[in-house]
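Here the structure is laid out as C-alpha cells; the discussion comes afterwards.
Every number here is computed from the coordinates shown, using simple stated rules; none is lab data. Note that the coordinates shown come from a computational prediction; the quantities given were computed from them, not determined experimentally. Reconstructed Cβ throughout: ideal geometry from the backbone, glycine too, with neighbour counts over all protein chains shown.
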Amino acid sequence: MPEYEPIVGRYFTMEVAGEAVRIYVEEAGEGVPLVCLHTAGSDGRQFRHLMCDPGVTDHFRVIAFDLPWHGKSNPPVGWEDREYELTTDLYKQTIRAFCAAMDLDRPAIMGCSMGGRIVMHLALDHPDEFRAAIALEGADRMAGFYGLDWLHRPDINGGEIAAAFVSGQVAPQSPDEYRWETLWGYMQGGPSVFKGDLHFYWVDGHFDDRSSSIDTSRCPVYLLSGEYDCSCTPERMLATADRIKGSKATVMPSMGHFPMAENPAEFRRHILPVLDEVRDQGA
Amino acid sequence: MIEMLSERVNGNADLVRRGRYVSLTFLWGLGDDDYLVDIRDGRVEGVAKRTLAMETGHFTVRATADVWEEFWQPMPKRDHHDFFSMLSAGIAQVDGDLLPLMQNLRYFKDVLASLRKRN
C-alpha cells in the first residue's frame with residue numbers, strides 16, 4: 001500500500017441560486033470544523049499542507065471545497081453559453097449552501113484573497129453561523145491595477161497569463177517548489193474563471209462603508225496579510241482591521257499573497273496561535 | 001548592468017526557449033536613459049542606448065535607476081521584487097502595444113529579472 005496522505009476527497013451535488021452544481025470537497029482531521037476557501041482562479045489544493053499538519057488536524061476537521069467552475073467542481077449545466085462572474089451574493093450563497101449540505105455546526109471559516117474578503121462579509125451578515133472568520137490576504141477595500149480583459153481573450157493563453165500575473169504575488173523568500181505548485185494551480189483554471197472571480201475581488205466586494213458594523217463579539221475576526229502581497233497589501237489589511245472593532249491583525253514578514261500554499265512552514269507559525277484561540281473560544 | 005543582458009538571456013536556454021516566438025524591439029527606461037532591446041526568436045540580439053527621438057519599440061517599461069537597482073538585488077524589498085508589483089506600487093510604468101508583452105509575460109518578466117545580482 002502507498003503511504004497515503006490523510007486527505008480524503010469526495011463529490012456531491014448541491015443547489016446554489018436554483019441550479020445544481022457538482023462539488024468536489026477534501027477534508028482531513030477531527031474536531032472543530034474549519035472551512036477553507038481558495039483564492040481567485042485556483043482551487044482547494046492550496047490547503048493541502050494544512051490538511052497534513054497534525055498540529056491542525058488533531059483539533060480541527062479541515063474542509064476545503066472547490067467553488068463551482070474551479071478545480072474538480074463543475075460549472076452549472078449550460079455554462080457554455082455564459083460568462084462566469086462571481087458576485088458577493090452568489091459567493092455567500094455558495095458557501096452557506098455548502099455548509100448546510102455538509103451539516104456543519106457553526107464552523108470556523110478561513111479564506112484567502114477573495115476568500116479572505118468573503119469571510120468578513122459572512123461575519124457581517126451571518127455572524128451566528130460561523131464561530132470565527134479568518135481572513136488571509138483579505139480587505140474591505142481593494143484597488144485593481146490591471147485590466148481584467150487581458151485574462152480572457154483568444155490571442156493570449158489564459159492559464160499562462162493568470163500565472164504570470166500573480167507570480168509576483170509570491171514572496172521571493174518562498175520555496176521554489178511551492179511557488180511553482182501555486183502557479184501551476186493558476187495555469188489549470190478554466191477560461192474566464194480567474195477574470196470572473198476578480199469581479200468580486202476588485203469590483204463587487206467592497207464594503208469599507210459597512211465593515212465597521214461587524215460584531216466581533218458574535219463572530220471573532222482575524223486578519224493576516226503577507227509583507228510582499230502587492231494586492232491585499234499590509235496597509236489595506238490594517239486599514240480594514242482598524243474599521244473592524246475587536247479584530248486581530250497580523251502582518252506576516254517575508255510572505256506573499258498565498259501563505260498556506262507558497263510557504264506552509266512559515267504560515268503555520270502564524271496560523272497555529274490563531275487556531276488555538278478559535279478553539280479556546282469554543283471550549 | 002544592462003550591458004550584461006545579452007549574456008544573461010542568451011546563456012539561459014530555458015528562457016530563450018520560452019521566448020522562441022518573440023521577435024521585436026522594446027524600450028527599457030532606466031532612469032534618464034532609454035535602451036532599445038532587440039529580440040529575435042527569444043534571443044537578445046542587441047541593446048542600444050536610444051539616441052534619436054523617433055527610435056522606439058513595441059512597448060516601453062520604465063522606472064527610476066534606484067527602483068531597478070533594488071529590483072536586481074538578490075532579495076529585493078517588497079514592491080520591488082516583481083515588475084507587476086512595481087506597477088501596482090506606482091513605481092514603474094508601461095506604455096505602448098502591450099499585446100506581445102502579455103502574450104509572453106513570464107518571458108519578459110524573466111528578461112527584466114535576468115540582471116538580478118547573484119549571491
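Things to note:
- Of the residues A:I95, A:G246, A:M120, the one whose Cα sits farthest toward the positive end of the charge dipole of segment A:8-282, with +1 on the Cβ of Lys and Arg and -1 on the Cβ of Asp and Glu, is A:G246.
- For the peptides A:105-118, B:85-98, A:80-93, residues were scored by their other Cβ atoms within 10 Å and the scores averaged per peptide; the highest-first order is A:105-118, B:85-98, A:80-93.
- Rg/Rh for segment A:8-282 (Cα atoms only, Rh after Kirkwood) is 0.93.
- About its Cα centre, chain A has a charge dipole of approximately 380 debye under the convention of +1 per Lys or Arg Cβ and -1 per Asp or Glu Cβ, with nothing else charged.
- Segments B:66-76, A:194-204 sorted - mean Cβ within 10 Å per residue, highest first: A:194-204, B:66-76
- Between the C-alpha center of segment A:213-233 and that of segment B:37-64 there is a gap of 43 Å.
- Inter-chain neighbour count for B:67-79: the average number of beta-carbon atoms from partner chains within 10 Å of each residue's beta-carbon is 2.
- Ranked packing of A:254-260, A:52-58, most packed first, by mean Cβ within 10 Å: A:254-260, A:52-58
- Taking all Cα-Cα distances within chain B, those exceeding 16 Å account for 58%.
- Cβ neighbours within 10 Å from other chains - mean over B:108-117: 1
- Förster-model FRET efficiency, 25 Å R0, A:A239 and A:A265, C-beta, rounded to 0.05: 0.30
- Label point distance in nm, A:E181-A:R96, each placed 7 Å from Cα along Cα→Cβ: 3.5 nm
- Considering helices alone, the calculated mean residue ellipticity of chain B at 222 nm is -8000 deg cm²/dmol, with DSSP H runs of length four and up weighted by -39500 (n - 2.57) and normalised per residue.
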